[in-house]
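> Mind having a look at this structure? Questions to follow.
The values are calculated or read from the model by the stated rules, or taken from the named source; none is laboratory data. For clarity, every value in this text was computed on a predicted model and none was experimentally measured. Virtual Cβ from ideal backbone geometry, glycine too; neighbours counted across all protein chains shown. Calculation scope for accessible area: heavy atoms of the full protein, side chains included, ligands and nucleic acids excluded. Shrake-Rupley method; radii C 1.70, N 1.55, O 1.52, S 1.80 Å.
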Amino acid sequence: MEEQLLNFAVPLDLNVLEQVVQMVYTGTPQQMQSAQRTLSQLQERIAGEDAAGALNWFRVDQILDASAPCTANTRFYALQILDGAIKYRWKTLPPPQQARGGRNGIKNFIVNLVIQKSSDEATFRAERVFMTKLNVILVQIVKQEWPHNWPSFIQDIVNASKTNETLCENNMVVLKLLSEEVFDFSRDEMTSVKAKKLKESFNADFSLIFQLCEYIMANSAKPSLLVCTFQTLLKFLNWIPLGYIFETQLVKTLVYKFLPNAAFRNDVLACLTEVGSLDIGTIYESLTGEIGAAYDSHFEALFTQVATAILRGDGQGPPMVNADLDMAQVWASGTDHDQTFIQNLALFFSCFFRQHLQIAERTAQADPTLLQAAPRPANDSPPRDAPRERELSGAAALSLIVSISHVDDQETFKICLEYWNGLTSDLYHTECQFQPPPQSPLVLAPAALSPAASPRLQLYAPILTKLRQLMVSRMAKPEEVLIVEDENGEIVRETMKDSDAITLYKTMRETLVYLTHLNYDDTENIMLDKLQYQVDGSQWSWHNLNTLCWAIGSISGAMSEEDEKRFLVTVIKDLLGLCEMKRGKDNKAVVASNIMYVVGQYPRFLRAHWKFLKTVVNKLFEFMHELHPGVQDMACDTFLKISQKCRRKFVILQVGEAMPFIDELTLNLRSVISDLEPGQVHVFYEAVGYMVAAQSDAPTRDALLMKLMEWPNQMWVPRVFEAVFKSTLDMITKNFEDFPEHRSNLFNLLRAINHHCFPALLQGADNFTLIIESIKWAFKHTERTVAETGLHTLLELLQNVQASTVMNAFYVQYYLGLLQDVFAAHLFVAVESGAITSPLWPQDGSVAATSNGQYVRELLLQMFTTSFPNLTAAQLQSTIAGGHLNLGLRPPSWDQSAFKQHLRDFLVQVKEFGDSTDLFAEERQQELETKAKEVRTRQEQIPGLRNPHQRNDDMTMD
């Protein structure tokens with residue numbers, strides 16, 4: 001049966017196709033595997049044949065016909081076939097004037113099928129999955145044909161939408177998909193020229209789409225159509241001209257007509273959030289003066305109108321949210337719809353404030369309750385002539401975000417946290433050095449706030465106090481903490497790093513550091529009060545103690561040295577007392593882990609107090625014998641961090657000591673590490689290595705090193721590389737999955753050897769060939785980090801080779817093999833620059849070549865012709881010889897950006913595997929590295945913002 005399905009010489013039997021498809025879902029395991037293989041082979045055969053002939057044989061239209069004996073699964077398979085043909089083989093189909101099997105035939109068939117299925121409400125609802133795929137295929141056709149061959153597409157879809165509400169709903173889905181394809185996904189899916197043309201066409205015809213949206217909102221009462229319209233409108237708002245938003249009735253219609261309706265609330269609020277997030281300065285860089293002020297008034301009106309509707313009601317009904325609601329409780333007891341609304345509230349206010357906080361603050365100068373709740377006595381009412389929208393006042397917009405921040409949902413909390421981080425950063429950079437002008441009339445400040453604080457800080461003071469309490473009570477777990485509470489309420493060692501929690505901690509830590517700088521006294525009082533509640537037992541819990549200590553550790557460096565000393569002495573004293581007071585191994589493990597974390601975060605304090613430092617390290621040595629899960633790991637990690645930051649203290653003779661600490665340690669080394677696992681011993685030795693490196697006297701340092709390594713040296717093989725290389729290679733080359741740590745570390749070892757001792761690689765010819773093959777294996781790896789290591793190693797190897805005396809011999813032996821496996825620009829430059837003087841082509845007379853450049857170009861043409869049969873010879877010759885690959889150009893003329901852009905466009909055209917996610921990987925990586933560098937520079941300028949173990953402070957001070 002499978003063989004019959006793959007026979008293109010006879011007509012397609014729909015019954016056989018149906019049986020094979022159904023086997024994939026209902027057959028035995030063997031039948032499922034065989035059927036899946038057959039369908040994959042069929043799909044590959046169709047993709048490899050002449051497109052028009054293959055589609056004429058497969059006849060998707062017959063399979064999708066309602067009278068055909070095909071189930072939904074078979075129809076979906078047929079759509080997949082058609083989707084691939086449209087995306088990758090469209091231009092090979094007969095031109096529009098040839099109907100059958102041609103582009104027009106397929107386009108008309110899909111358009112008619114979409115209209116047929118979406119014109120009937122019952123059919124449209126019953127076949128939503130089928131319609132979704134059908135819409136995707138229609139959008140693929142539009143991308144190919146619009147505007148040059150289908151200039152009336154937008155007009156056609158708008159006119160059809162006004163004839164039938166169900167059809168209109170589906171058309172809105174099509175427009176949403178098209179907007180996503182053009183404006184969101186075009187970078188990786190289209191050539192740059194094509195994407196630009198489609199964007200221009202969309203902008204030119206958008207007035208028709210906007211009129212359709214207005215028509216629907218004015219005339220339709222169908223909820224599903226209106227929701228779909230709002231969702232489609234959302235995709236337009238970040239790129240359409242601003243006049244459509246602010247010079248029409250769009251905002252008022254959304255706020256006053258649809259926002260109060262619970263059925264539309266979430267989708268409408270999402271649209272308003274998109275509007276509130278618009279950055280006018282980015283859209284119009286030169287926007288200033290009266291025009292800029294006019295947009296400020298638009299955004300002020302937007303905020304006022306939305307906040308009024310949410311917090312005061314629209315005059316026809318009650319407010320959507322009461323300012324004094326416990327949002328955490330509402331979330332816990334609410335429906336999914338309620339929870340989505342709470343999250344959307346956080347998004348609207350946080351996004352608006354992030355972009356337009358100055359606008360809100362200017363409005364708040366007349367009414368401070370615009371930003372924070374200020375409860376009014378029951379008998380107090382606003383002046384009769386006060387504008388209701390001002391009294392409305394987002395009256396508690398910030399207090400509302402604080403309340404939402406307590407919600408027990410990670411994603412909602414992240415939304416709020418991102419805003420709080422931005423606000424506190426802005427307040428720190430603009431207000432921390434505030435000096436009030438002489439005799440300046442200041443707003444009355446709360447008692448806890450310095451009278452010299454700026455009016456802006458005084459405006460935010462109550463909110464910031466609430467925010468400090470929130471950050472302390474919800475502080476995420478730092479990466480250094482290895483002891484956690486599992487789902488059963490038991491204290492265990494963390495088995496896997498939670499990357500989300502680590503990222504969350506870094507953001508919370510940064511926010512709390514800003515808050516500490518803004519008012520250190522308030523931060524200290526909150527923390528010490530909460531610590532006292534742990535000591536007296538009134539609020540004792542593992543969670544409360546953990547979050548408090550994580551918060552205490554996170555503000556290291558954010559206070560003066562004297563304040564830090566006073567604060568830390570109190571904290572450590574109370575924690576040590578708590579450790580003595582608590583009973584039970586779990587309780588003691590929790591307190592111990594927190595003591596280790598806190599002391600490890602304050603290396604400046606430890607360096608200044610030797611006796612305390614020695615006591616802490618000896619306590620860590622005690623913990624290294626504690627067998628409770630995670631305690632030993634954390635003790636070793638803390639010891640490492642302290643050794644890195646206090647290294648000099650351990651190698652000099654301290655007052656009152658008989659010998660340097662490092663000498664004392666070498667005497668007791670075996671007893672200290674006797675209960676540690678091998679991995680923990682490695683961490684311990686790394687820590688001691690930092691101490692040894694701090695010894696400035698070379699003979700003394702060498703003697704220490706010999707003492708420390710005496711025991712390990714008795715156990716290791718002398719020639720490490722020979723012992724591990726081939727055996728490890730045998731382990732990892734069977735597949736790409738087994739032994740992930742071994743494979744990663746082996747390739748890192750190869751790169752390190754190549755970088756530091758390249759001549760050693762050339763000593764054995766057999767080993768060198770094996771190393772080249774290993775590097776090839778690395779850059780073919782499916783794991784991105786391993787593949788990148790392989791590519792970097794290859795590049796560095798080629799650079800080393802080019803600077804060596806073996807360059808010609810190396811390229812003669814390995815050039816062609818490398819060219820088959822990697823498209824490396826370095827290989828082309830080596831040829832065209834004339835660096836390779838030996839001929840690369842066979843010298844037996846089988847190849848007639850006059851230069852290495854000519855030979856490589858002809859070889860590439862052969863390779864491309866075999867690999868990309870769908871491209872013409874002219875296209876391939878243009879790609880290879882047209883200068884885009886810089887073949888024929890000298891290195892000084894090398895234009896890397898042009899090379900990469902042309903290569904991306906070439907890969908988009910080829911679409912060999914339909915995956916172009918890595919086309920911009922290098923730019924993304926460079927962007928990430930640039931941002932990381934900017935973050936480091938910014939953090940280093942703010943005391944306490946960088947983790948104490950990442951700061952470049954003085955680690956060698958006596």
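> Using each residue's phi in the stretch 296-307, evaluate 6.51 cos²θ - 1.76 cosθ + 1.60 at θ = phi - 60° and report the 3J(HN,Hα) Karplus result to the nearest Hz, with x for Gly and Pro.
Karplus values, whole Hz, x for Gly and Pro: 4, 5, 5, 5, 5, 5, 4, 4, 4, 5, 5, 5.
> Give me D for the stretch 514-657 in µm² s⁻¹, whole number, from Stokes-Einstein with Rh from the Kirkwood sum over alpha-carbon pairs, 20 °C and 1.002 mPa s. Don't jump to the answer; show the numbers that get you there.
Values: Rh = 15.8 Å.
Reported coefficient: 135 µm²/s.
> For residue 87 paired with residue 220, estimate the spin-label separation in nm (one decimal), with each label point 7 Å from Cα along the Cα-to-Cβ line.
2.8 nm
> Let me ask something else. Would you mind working out the accessible area per residue for the stretch 604-749, using a 1.4 Å probe, and quoting it in Å²? Don't jump to the answer; show the numbers that get you there.
Values: 7670 Å² over 146 residues.
Value for the stretch 604-749: 53 Å² per residue.
> Under a crude label model (7 Å from the Cα following the beta-carbon direction), how far is residue 654 from residue 325 in nanometres?
About 5.7 nm, to one decimal.
> Rg and Dmax of the stretch 100-150, using alpha carbons, in Å: what are they?
11.8, 35
> Run through every distinct alpha carbon pair of the stretch 632-778 and return the Kirkwood hydrodynamic radius in angstroms, one decimal place. Don't skip to the end; give the middle numbers.
Details: mean 1/r = 0.0551 Å⁻¹.
Evaluated on the stretch 632-778, it is 18.1 Å.
> Highest mean first, what order results for 350-361, 550-561 on Cβ atoms within 10 Å? Don't jump to the answer; show the numbers that get you there.
Numbers: 350-361: 19.6, 550-561: 21.8.
So the order, starting with the most tightly packed, is 550-561, 350-361.
> If the reach is capped at under 27 angstrom between alpha carbons, list the lysines near residue 197, excluding any in the same chain fewer than eight residues apart.
List returned: 87, 91, 107, 133, 143, 176, 235, 900, 911.
> Also, quick follow-up: List, in order, the whole-Hz ³J(HN,Hα) value for each residue of the stretch 418-431 obtained from phi through the Karplus relation with A = 6.51, B = -1.76, C = 1.60 and θ = phi - 60°; use x for Gly and Pro.
My calculation for the stretch 418-431 gives 4, 5, 4, 5, x, 5, 5, 4, 5, 5, 4, 6, 9, 10 Hz in order.
> Any idea how far apart residue 180 and residue 938 come out in nm if each label point goes 7 Å out from Cα toward Cβ?
Going from the residue 180 label point to the residue 938 one covers 3.1 nm.
> Determine Rg/Rh for the stretch 145-213; Rg is computed over alpha-carbon atoms and Rh is the Kirkwood hydrodynamic estimate from the same atoms.
Reported Rg/Rh (Cα atoms, Kirkwood Rh): 0.98.
> Another one. In nm, what is the difference between 0.36 nm times the number of residues separating residue 473 and residue 758 and their Cα-Cα distance?
97.2 nm
> If the chain between residue 116 and residue 560 were fully stretched, how many nm would it gain, using 0.36 nm times the residue separation less the Cα-Cα distance?
Details: separation 444, 0.36 × 444 = 159.84 nm, distance 7.39 nm.
Gain on extension, residue 116 to residue 560, equals 152.5 nm.
> Which order, highest average first, do 10-21, 261-272 follow once you tally other Cβ atoms within 10 Å for each residue and take the mean per peptide? It would help to have the intermediate numbers written out before the result.
Working: 10-21: 16.2, 261-272: 19.5.
In descending order of packing, they fall as 261-272, 10-21.
> Residues in the stretch 559-594 near a label at residue 622, defined as backbone nitrogen under 17 Å from the 7 Å Cα→Cβ point?
Taking a point 7 Å out along Cα→Cβ of residue 622, the residues of the stretch 559-594 whose backbone N falls under 17 Å are 572-594.
> Separate question: Summarise the accessible area of the stretch 1-44 (1.4 Å probe, protein heavy atoms) by the percent that is carbon and sulfur.
Carbon with sulfur: 50 percent of the solvent-accessible area.
> Tabulate in residue order the Karplus-calculated ³J(HN,Hα) for the stretch 475-483, using 6.51 cos²θ - 1.76 cosθ + 1.60 with θ = phi - 60°, rounded to whole Hz; enter x for Gly and Pro.
Going residue by residue, I get 3, 6, 6, x, 5, 5, 7, 10, 9 Hz, with x marking Gly and Pro.
> Just to verify a number: FRET efficiency for residue 6 and residue 73, C-beta to C-beta distance, R0 = 25 Å, to 0.05?
Details: r = 19 Å, r/R0 = 0.76.
Result of the calculation: an efficiency of 0.85.
> Compute the FRET efficiency between residue 574 and residue 700 as 1/(1 + (r/R0)^6), taking r as their Cβ-Cβ distance and R0 = 60 Å, and round to the nearest 0.05. If you can, show how the numbers build up before the last one.
On the way: r = 41 Å, r/R0 = 0.68.
My answer for the efficiency is 0.90.
> How many angstrom lie between the C-alpha centres of the stretch 457-511 and the stretch 777-840?
Answer, in whole Å: 47.
> Also, quick follow-up: Enumerate the amide H contacts of residue 483 below 5 Å, restricted to partners 5 or more residues apart or on another chain; note that Pro and chain-start residues carry no placed amide H.
Distant-sequence amide H within range of residue 483: 494.
> Ok, one more. Among the listed pairs 414/931; 614/933; 199/252, give every one whose C-alpha distance is greater than 32 Å.
Beyond 32 Å: 614/933.
> Now, a different point. For residue 652, enumerate residues with amide H under 5 Å from its amide H, sequence gap 5+ or separate chain, H modeled in the peptide plane.
661
> So for each of 776-788, 405-417 I average, over its residues, the number of other beta carbons within 10 Å; can you give me the resulting order with the highest mean first? It would help to have the intermediate numbers written out before the result.
Numbers: 776-788: 16.4, 405-417: 18.2.
The most tightly packed comes first, giving 405-417, 776-788.
> How much FRET efficiency would the formula 1/(1 + (r/R0)^6) give for residue 541 and residue 813, where r is the Cβ-Cβ distance and R0 is 51 Å, rounded to 0.05? Write down the numbers at each step before the final one.
On the way: r = 68 Å, r/R0 = 1.33.
The calculated FRET efficiency here is 0.15.
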